[in-house]
Structure formats: structure tokens, C-alpha cells
Amino acid sequence: MKYISTRGQAPEQSFCDILLGGLAPDGGLYLPKNYPRVSRADLERWRKLSYPELALEILSLFIDDIPVADLKNLCDKTWRADVYSHVRPGQDARQITPLTWLEEGKLGLLELSNGPTLAFKDMAMQLLGNLFEYELRRRGEHINILGATSGDTGSAAEYAMRGKAGIKVFMLSPHGKMSDFQRAQMYSLQDPNIYNLAVTGMFDDAQDVVKAVFADAAFKARYRIGAVNSINWARVLAQIVYYFQGYFLATKSNDERVAFCVPTGNFGNICAGHIARMMGLPVEKLILATNENDVLDEFFRSGGYRPRGAAETRVTSSPSMDISKASNFERFVFDLVGRDAAKIRALWAEVESGQGWNLSGTEYYARLPDYAFISGKSSHADRLATIREIRERTQILIDTHTADGMFVALELRHLLPPEIPLIVLETAQPAKFAATIAQATGQTPPLPADLANLESLPQRVSIIPAEVAAVKEFIAANAD
Ligand SMILES: *Cc1c(COP(=O)(O)O)cnc(C)c1O
């Protein structure tokens, strides 16, 4: 399988060539040259497989430069019951992403947040850790990963990369701005290859510093700086697997169809759903849910995409979705415009100039229904009410991001044929966002037993100013 850039001006690459890089050299995002098609016979066979076996089948369709035996080891090592152990009582951790029915056969919750950091990013990031280690060892190389986090991504990256040979992680976080739990999660890691840098400032300041370091090509090359951000193709690929697993868990035969509802920020998770559908998974609808930061809901309702700046981005109770420039969206639009790279270059020139664009009235917009998306958004009050309602009705507690998905799912389910099971993707556990959950229910959600004293563990963090020079100096002193 070869990979091409959405901007059409970068060389074709194979999987391992794009694994360690970020954007394509022309500024685009890599996608497989074509989507492999899954046959009826494949679905019949796959329905009986364990999660790592299913993952191997799917990954093999997209990766031809890792021997199958090695890929099998990577899948077995990544999707293990003891890594994704935080399942609901009564669920089977061997399913990796168990399905909990809120209404039997009708409304289900696909548990994607049972990994070490209690958010769905572990699903893909754990694979990335193992793939990076494998590929770096094969090449005899090492990498220094630099990133900025407001919470979930940084911790998922650190838990995936901790103790891995050939990898160091330098993760910037805004000093004093994360929840106690998020802070404890990251800063309590004692692995010598993990460096937490708390920068005095906001998340955007940390992000700006990271961007400035990446812009310094000489520094980047000298210290082999790499990234694990959400545009990484391997992350999208890893996420395709649980759409198939969710389908198999929710249905009894491959004649059935399902709908997925996905709380969305960077369009990473739902991009995997789009690709699973393009591969032939029987998906009736993909329901996209945003919070108050609703650029993507706006697009699916109006055809207009107008990314907003930091000043227009609201801070909400589902903070991992507070995104106004969805970095993976370009992948979907590339498909929507018939993979016309010149059209993507024109559209993203408008995005980069701060203008945005509107496709309504065009042939592309006329084709949008073929892609099966519908969308909605929620407010803080909607999420609180949904958390309360679901708990009263089912005894099940959901987190604020999942509540966004659940609210939109309940609002739009009347658009689905009644026999179609609706699967809401659970993207985090409520314990991660305890303050809002307490506001909704009057009770603080319990932590999983193995994380109960996380906040009392010793923490390891360096506090530094939000200055490019300070961060470069730190990296230079500690990098491999
Ligand atoms: C990252 C994240 C999201 C958004 O996922 P995207 O892939 O960016 O759309 C939703 N919920 C939680 C809890 C997250 O951490």
C-alpha cells in the first residue's frame, strides 16, 4: 500500500516512511492511495476473531513493509486485556472495547477509554509506542518526541512511550492549568525517558513554543525531533479497528447495519469511522457531535468551513473537544472532492489565510449525503442534563465528552430507521472530569482501584518559562 498527500505534491511513500513524520512535505496529510474493500467473506471470518487478530487483519491491508509475523507481535503486545483493564463491572476486558447496552439492541456505548489514561487516545497511542520502538530499532535510530498538551494527548503519549528504547518524550503542559488528576497522571511518571515541562502560561503559549521549535529545521534535524499528534496516519489506522469490533459486538449477522455517534474535536476518531465505512463496513450513518466549538457541525449543516482562532475558541466542560481547526478534516474533504489535490490546495489556501470556504451550491456539496454524515452539537447544560438522565435511567455514569455524543445521538436518532442499533463512542471515563460530573450528579465519580492514590504519588516536573530558547536549552541538555 502506498500513501499519497492530500495536496498532491509530495512523493508516494510506504507506511513506515510516513510513520515517524508529521505532515507531508507539501503541507498535506497522507492517506492510502485507495481504500481496501472488505468483502462479505472477510466480515464473516472477522466476526469470530479476537481484537488483536482483527487488528492484524485490518492493519495488514494498509501495511506492507512490516513482516506479518512482526505485525502480529505488535498487535498482540498492544491490544491486551491487562493494558485495557479499566472495564465496567461485568464486562470482558479481552474484548478490548466492550459494548454496554443502555437499551438492549438499540442504544449502546462502545467503551474506548479502558486504557492506562482512561481516554480513547490510548487505543491508538499504545500502538504508536510499540510501532515507533520497532521501527527505530530496525533503523538503528532514535527520536525525541516534542509536544504540548492540555491534558489527554500528552498523558496518552507518555504512557505509550514510557520505557521505550530509542524514544524520549518532552511534553509541555500549561503550569497549574490542568486538573489534579491529569497533572498527577503525567507528572507521577518516573521513567527516565519522560520529561514533563510545565510552562508558565496557557496551553496556547506552550503550543506556540512547540511550533517555533518545529519551525527551526536545523534544530529539529540535529535533535531528531518528532511528533505524535493527531494527524499521524498510524493513529487513524489503529482507530479503524474498533469500528469493526463495535459492529460485530452490536450485531448478530453481517446483514445488519449500525450507526455510530462520535464526539469530535480534531476529526481523528470519526475519520477512522469514515474510512471503515469506505472499506465496506455496513454503516447507516456517522453522527458527528461537537460541543460549543462547532466548526464541524457548521460544515455538515451548511457546507461552510470557517476555522476560528484561539480568541474565538470557547473553554468548555468537554475540553478535549475545544478545537476550532480540525486537523484531520482535510482527509475527509479530500475524499469529498473526489481526491482532487488541486482543489484541496485551493481550499486550504483559504483556510490558511483565515478565510475559510463554503461548498454549498457546488457539485461537492451535492455529493455530501453519499458519505452518510449527520451532525449536532451540545451545550454545557445539555451535557449535564444528559449525564443525569443516563445515570437515572441506566445507573451508568458517562463523562462530559461522551455526554456530548449521547446528547446528539438522542436528539438525532429519530432520523435513523428504528431497527438500526445506535452506538455512541465512549471517549473518556467520568473520573477524569470529576468536577463537572459532581456538578451534574452531586457525587464525585470513583477512580479505578489501581489509580486511587495516583494524586499522592511523588511528581516529577520541570517548571520553565514559555520561551523557545528555554525549551531548546532543556532539550539540548537532555536529548539523546
Ligand atoms: C481527543 C478527544 C476527543 C476528540 O477526538 P478527535 O479525534 O480529536 O475528534 C473526544 N473526547 C476525548 C475524551 C478526547 O480525549
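The figures follow:
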item	result
Output for the range 255-268, where each listed residue is more than 16 Å from the ligand (Cβ to nearest atom) and either open to solvent by less than 10 Å² (accessible area, probe 1.4 Å) or in contact with a Lys or Arg (Cβ under 6 Å, 6 or more places away or on another chain) (or both)	V258, A259
Any hit, the range 455-471, residues being of a type in the set (S, T, N, Q) and outside any helix (DSSP H, G or I)	yes
Filtered residue count, the range 287-331, keeping only those that are hydrophobic (A, V, I, L, M, F, W, C) and within 11 Å of the ligand (Cβ to nearest atom)	7
Which listed residue, of L43, L54, L71, L31, is buried (at least 17 other Cβ atoms within 10 Å of the Cβ) and outside any helix (DSSP H, G or I)	L31
Hey, G273 more than 13 Å from the ligand (Cβ to nearest atom), in contact (Cβ under 8 Å) with a residue 24 or more places away in the chain and in a helix (DSSP H, G or I) or not	no
Matching residues in the range 319-346 - criterion: being in a loop (DSSP other than H, G, I, E, B) and not aliphatic (A, V, I, L, M)	D322, S324, K325, S327, N328, G338, R339, D340
Inter-residue pairs, beta-carbon under 9 Å, first free of Cβ contacts under 8 Å to residues at least 40 places away in the same chain and in the range 467-480, second open to solvent by less than 50 Å² (accessible area, probe 1.4 Å), 6+ apart	A470/L197; A470/V199; A470/V209; A470/I464; E473/I464
Test: residue in the range 378-385 that is in contact (Cβ under 8 Å) with a residue 60 or more places away in the chain and assigned to a loop (DSSP other than H, G, I, E, B)	yes
Selection from the range 161-176 of residues that are out of contact with any Lys or Arg (no Cβ under 9 Å at 6 or more places or on another chain) and touching a residue at least 60 places away in the same chain (Cβ under 8 Å)	K168, F170, L172, H175
The range 28-43 residues that are within 18 Å of R345 (Cβ to Cβ), paired with ones that are at pLDDT below 95 and open to solvent by less than 50 Å² (accessible area, probe 1.4 Å) (beta carbon under 6 Å, 6 or more apart)	L29/I231; Y30/I18; Y30/A24
Matching residues in the range 284-301 - criterion: being of a type in the set (G, A, S) and surrounded by fewer than 19 Cβ atoms within 10 Å (Cβ to Cβ)	none
Criterion (open to solvent by 20 Å² or more (accessible area, probe 1.4 Å), within 30 Å of E419 (Cβ to Cβ), in a helix (DSSP H, G or I) and not acidic (D, E)) met by exactly one of R94, R138	R94
Single residue of G354, G376, G405, G361 found to be in contact with an Asp or Glu (Cβ under 6 Å, 6 or more places away or on another chain) and either farther than 29 Å from Y84 by Cα or not hydroxyl-bearing (S, T, Y) (or both)	G376
Selection from the range 347-372 of residues that are under 24 Å from A276 (Cβ atoms), open to solvent by less than 20 Å² (accessible area, probe 1.4 Å) and not in a loop (DSSP other than H, G, I, E, B)	L368
The range 391-404: number of residues that are more than 14 Å from T100 (Cβ to Cβ) and away from the ligand (no atom under 15 Å from the Cβ)	1
Which numbered condition F474 misses (of (1) open to solvent by 20 Å² or more (accessible area, probe 1.4 Å); (2) in contact with a strand residue (DSSP E or B) (Cβ under 8 Å, 6 or more places away or on another chain); (3) modelled with pLDDT under 95)	(3)
Residues located in the range 188-215, provided they are at pLDDT 95 or above and open to solvent by 10 Å² or more (accessible area, probe 1.4 Å)	S188, Q190, D191, P192, N193, Y195
Single residue of the range 405-452 satisfying the filter (among the charged types (D, E, K, R) and over 18 Å from G246 (Cβ atoms)) that is nearest to the ligand (Cβ to nearest atom)	K432
In the range 427-454, residue surrounded by the most Cβ atoms within 10 Å (Cβ to Cβ) [restricted to those that are in contact with a Pro (Cβ under 6 Å, 6 or more places away or on another chain) and not in a helix (DSSP H, G or I)]	T427
Residue within the range 280-291 that is without any contact (Cβ under 8 Å) to a residue 60 or more places away in the chain and under 20 Å from the mean Cα position of the chain (by Cα) present	no
Residue check, L281 open to solvent by less than 40 Å² (accessible area, probe 1.4 Å) and farther than 30 Å from D205 by Cα	yes
Within the range 141-164, considering residues that are outside any helix (DSSP H, G or I) and in contact with an Asp or Glu (Cβ under 6 Å, 6 or more places away or on another chain), the one surrounded by the most Cβ atoms within 10 Å (Cβ to Cβ)	K164
Some residue of the range 419-426 being farther than 23 Å from Q185 by Cβ, in contact with a strand residue (DSSP E or B) (Cβ under 8 Å, 6 or more places away or on another chain) and part of a loop (DSSP other than H, G, I, E, B)	yes
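The values are calculated or read from the model by the stated rules, or taken from the named source; none is laboratory data. This one's a predicted model, so the numbers in the text were calculated from it and none came from an experiment. Glycine also receives a Cβ, built like all others from the backbone with ideal geometry; neighbour counts cover every protein chain displayed. Protein only, heavy atoms only, side chains kept; ligands, DNA and RNA dropped before computing areas. Shrake-Rupley method; radii C 1.70, N 1.55, O 1.52, S 1.80 Å.
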